[in-house]
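> The structure that follows is given in the form of structure tokens.
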Amino acid sequence: MLIRVRCNMCRRTRHYHSADMLMLLGNIEVDSMMGRLKCEGCGLKDATEVYAVDPPASERQSIRVRTLTAIKIIRRPVWRED
């Protein structure tokens, strides 16, 4: 099973393994990933569509699947103006 992330603004399509998304985002449904993933090209969150696909073998040969290599946690301070 693959996760297809497509941006409607810049028309880029990326494919990820579902196990990688499980490690990255936790146990959530594919429909709720739409607001959490942003496009790597234009940086918009609102323009992405996320689908779970199981392509046939002929289509799978031409797809580049991105693999998770490392998770890097960046902690930033929260600015509050009271």
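> If I ask for residues that are open to solvent by 60 Å² or more (accessible area, probe 1.4 Å) and of a type in the set (A, V, I, L, M, F, W, C), which ones from the stretch 32-41 would you list? Break it down into steps so the answer makes sense when it comes.
Narrowing the stretch 32-41 to residues open to solvent by 60 Å² or more (accessible area, probe 1.4 Å): 34, 36, 38, 40.
Within the stretch 32-41, M34 is the sole residue that qualifies.
> Follow-up. Does D46 qualify as being in a loop (DSSP other than H, G, I, E, B) and at pLDDT below 90? First the steps, then the outcome.
Values: in a loop (DSSP other than H, G, I, E, B): yes; at pLDDT below 90: yes.
Yes; evaluated as a whole, the condition is true for this residue.
> What number of residues within the stretch 47-82 are of a type in the set (A, V, I, L, M) and surrounded by 10 or more Cβ atoms within 10 Å (Cβ to Cβ)? Write out each step before concluding.
Start the filter on the stretch 47-82 by keeping residues that are of a type in the set (A, V, I, L, M), which leaves 47, 50, 52-53, 57, 63, 65, 68, 70-71, 73-74, 78.
After this cut, where a residue has to be surrounded by 10 or more Cβ atoms within 10 Å (Cβ to Cβ) as well, the list is 47, 50, 52-53, 63, 65, 68.
Going through the stretch 47-82 one residue at a time, the tally reaches 7.
> For the stretch 1-32, name all the residues that are in contact (Cβ under 8 Å) with a residue 12 or more places away in the chain, assigned to a helix (DSSP H, G or I) and farther than 20 Å from T69 by Cβ.
Hits for the stretch 1-32 are V30, D31.
The values are calculated or read from the model by the stated rules, or taken from the named source; none is laboratory data. Values in this document were obtained by computation on a predicted structure and should not be read as measured data. Note: ideal-geometry Cβ built from the backbone for every residue, glycine included; neighbour counts use all protein chains shown. Side chains are part of the model used for accessible areas, which takes the heavy atoms of the whole protein and leaves out ligands, DNA and RNA. Shrake-Rupley method; radii C 1.70, N 1.55, O 1.52, S 1.80 Å.
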